[in-house]
Amino acid sequence: MNVSSGGRPAHASRRRVRAATLLCTAAAMAAAVIPASAQTGGTASARIPAPQDPVVVVDCSSQAHMRPGEYLLACGDGNNRLVDLRWETWGSSTATATGTDMVNDCRPYCAAGRFRAYPVTVTLGNPQVWPEHPDVRRFTTIRVLYTDTAPDPVPKDVTYKLVY
């Protein structure tokens, strides 16, 4: 029988080493993934994000995104969606893209309406700490500038507050 220096079978010692290694690896991976606020229990010692930290935009499902290709503006009914977004900038204070606003004309009513395409320039701004994730900043305004015509009765230049 193969015996370790402690008088125990060697295979039992190897299992303990393997288990300890796996536990240490799992703990290290968890520490790398868990936000600082969760590690500190959300106390005052939580890290305040620096202005150069990445800023996200939060969607209707409270999911954070950077440079999304699409963004739903009408969360309740899905009748207004930004598509084909091409981000020209994504900075710590603003982000700018061009794309298309697909708006349901709701004629004669929304379920029977047709989606119409309107070219737009989109600007995200006013980054703030995300209350649900204090170590992350999120954009809190979205400006939609219609570069041709705007859907009636929407103004050609409109800014919405992002509340997610």
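Do we find a residue being at pLDDT below 95 and either among the aromatic types (F, W, Y) or in contact with a helix residue (DSSP H, G or I) (Cβ under 9 Å, 6 or more places away or on another chain) (or both) anywhere in the range 144-164?
Yes, that holds for at least one residue.
Any residue in the range 115-136 that's open to solvent by less than 70 Å² (accessible area, probe 1.4 Å): show its pairings with residues that are modelled with pLDDT under 95 and of a type in the set (K, R) at Cβ separation under 9 Å, as long as the two are six or more apart or on different chains.
Close Cβ pairs (under 9 Å, with a partner that is modelled with pLDDT under 95 and of a type in the set (K, R)) amount to P134/R47; D135/R47.
Listed here are the residues, each with its yes/no results for (1) farther than 20 Å from L162 by Cα; (2) open to solvent by 30 Å² or more (accessible area, probe 1.4 Å).
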residue	(1), (2)
Q63	no, yes
L72	no, yes
T100	no, yes
V103	no, no
C110	yes, yes
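Could you list, in sequence order, the residues of the range 146-164 that are within 27 Å of P54 (Cβ to Cβ) and crowded, with 17+ Cβ neighbours inside 10 Å?
The one that is within 27 Å of P54 (Cβ to Cβ) and crowded, with 17+ Cβ neighbours inside 10 Å: L162.
So how many residues does the range 91-107 have that are part of a strand (DSSP E or B) and free of Cβ contacts under 8 Å to residues at least 24 places away in the same chain?
3
Somewhere in the range 101-122, is a residue of a type in the set (D, E) and within 19 Å of the chain's Cα centre (by Cα)? Outline the logic, then answer.
Taking the range 101-122 and keeping what is of a type in the set (D, E), we get 101, 105.
Filter again for within 19 Å of the chain's Cα centre (by Cα), leaving none.
Taking every residue of the range 101-122 in turn, none turns out to be of a type in the set (D, E) and within 19 Å of the chain's Cα centre (by Cα).
Can you tell me which residues in the range 67-90 are without any contact (Cβ under 8 Å) to a residue 12 or more places away in the chain and outside any loop (DSSP other than H, G, I, E, B)?
Hits for the range 67-90 are E88, T89.
So that you can scan it fast, the table gives a plain yes or no per residue for (1) within 15 Å of I142 (Cβ to Cβ); (2) open to solvent by 70 Å² or more (accessible area, probe 1.4 Å):
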position: R67; (1), (2): yes, yes
position: C75; (1), (2): yes, no
position: W87; (1), (2): yes, no
position: S92; (1), (2): no, no
position: T96; (1), (2): yes, no
position: C106; (1), (2): no, no
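The values are calculated or read from the model by the stated rules, or taken from the named source; none is laboratory data. What you see is a predicted model, and the numbers here were worked out from it, not measured in a lab. Every residue, glycine as well, gets a Cβ built from its backbone with ideal geometry; the counts of neighbours run over all protein chains shown. Ligands, DNA and RNA are excluded from the accessible area calculation, which covers all protein heavy atoms including side chains. Shrake-Rupley method; radii C 1.70, N 1.55, O 1.52, S 1.80 Å.
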